[in-house]
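See structure below.
Bear in mind that the values in this text are calculations on the coordinates, not laboratory data. For clarity, every value in this text was computed on a predicted model and none was experimentally measured. As a convention, Cβ positions derive from the backbone with ideal geometry for all residues, glycine included, and neighbour counts pool all protein chains shown.
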Amino acid sequence: MRKIGTAQLRFDPKLNRLGKGKGKELRHGLSVVFQSGNSLWLANDETISLERLALQREGSESELRFGDHRQFALSDYLKLPAPPPSDPEDIEEADVEGIDVSEGYLWLVGSHSLKRAKPREDDPARKSVKRLATVSSDGNRFLLARIPVVDEADGQTFAKEVEDEGGMRTAALLHGNDAGNDLTRALAQDPHLQAFLAVPG
C-alpha cells in the first residue's frame, strides 16, 4: 500500500468564492472531503453546493494533484427544505458534514444542528454576549440525501435520475422541512440524545 504525503487541490478561481462576506473562498472552510475513484468530492460548510475535483496527474510518489473543478448546486437535484434565495448573501447553508459514495449514489448529511450567532471583532462585550445568545436554525442543515453518480471520462458527475440494470436510480432526501426531518423527530424520542437537539453545533 502506497503512502500519500500531500494532495494539491486546484480550484477554479471563478468558483472558489463564497456569497457570504468579502474575500472568503471555498477552500478556507472545507468541512468534508471524500475520494471516489479519480474524483474528489468536497463541501464547504457555508454553501448549498458540492465541489468535485478530478485527479489530474500524479506528482511524486507522495503527492496527488486534483483539478478540473466543477460545482454542483444541490437545488438542481434535490428539493431543499429552504430553496436558494435571490440574494446569495441570504442562503440557508446545508452545513454538509458527511459524504460517501456507495452503490451508484453520493450520500450526504447536513449537521442537523442549530446555530449560534458569532460575535464580531469590533463588537463591545455586551453586544457579543447578546449575539451569542441568538440561536436559530437553517432549514438546509436538516438534510440527509442521495444523488445518483454517473461515471464520465473526466470524472464523476450527478444526475437527477439515471436508468440502470436494476431499474432507475433517483435523487431523494429524507422527508422534512425547515424545522427538522424524520431523523430529528426520531432523535427527539431518544432518551440519550434528545437533550442535545437544542444545543447549537
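Quick check on the chain: helices-only [θ] at 222 nm, where DSSP H runs of length 4 and up contribute -39,500 (n - 2.57) each and the sum goes over total residues. Nearest 500, please. Walk me through the numbers on the way to the answer.
Details: 2 runs with 14 residues, N = 201.
Only helices count here, giving -1500 deg cm²/dmol.
With only Lys, Arg, Asp and Glu charged, each at its Cβ (+1 for the first two, -1 for the last two), find how big the charge dipole of segment 49-201 is about the Cα centre; round to the nearest 20 debye.
Around 1000 debye, computed over segment 49-201.
When Leu143, Leu42, Leu64 are ordered from fewest to most other Cβ atoms inside 10 Å of their Cβ, what list results?
Going from sparsest to densest Cβ surroundings: Leu64, Leu42, Leu143.
Count neighbours as other Cβ atoms within 10 Å of each site's Cβ, and list the trypsin sites (Lys or Arg not before Pro) in segment 155-201 that are DSSP loop with at most 13 such neighbours.
Those that pass, being in a loop and sparsely packed, are Lys160.
Would you mind telling me which residue in Glu97, Glu165, Glu51 has the biggest mean-square fluctuation in a Gaussian network model of the chain, where springs connect alpha carbons within a distance under 10 angstrom?
Glu165
Give the relative contact order (percent, whole number) for the chain; include only Cα pairs under 8 Å separated by 6+ residues.
The normalised contact order for the chain reaches 17 percent.
List nothing, just return the count: lysine pairs in the chain, 8 or more apart or interchain, with Cα separation under 19 Å.
11
Which residue, Asp76, Asp138, Asp45, has the most motion in a Gaussian network model of the chain that connects Cα atoms within less than 10 Å?
Largest GNM mean-square fluctuation: Asp76.
Among DSSP beta bridges whose residues both lie in segment 6-198, state the antiparallel percentage, nearest 5.
The antiparallel proportion sits near 90 percent.
In whole Å and largest first, what semi-axes does the C-alpha gyration tensor of segment 72-175 yield when each eigenvalue is scaled by 5 and square-rooted?
36, 13, 12
Tell me, what is the Rg over Rh of segment 6-198, with Rh the Kirkwood radius over Cα pairs?
On the way: Rg = 18.4 Å, Rh = 18.3 Å.
Expressed as Rg/Rh, it is 1.01.
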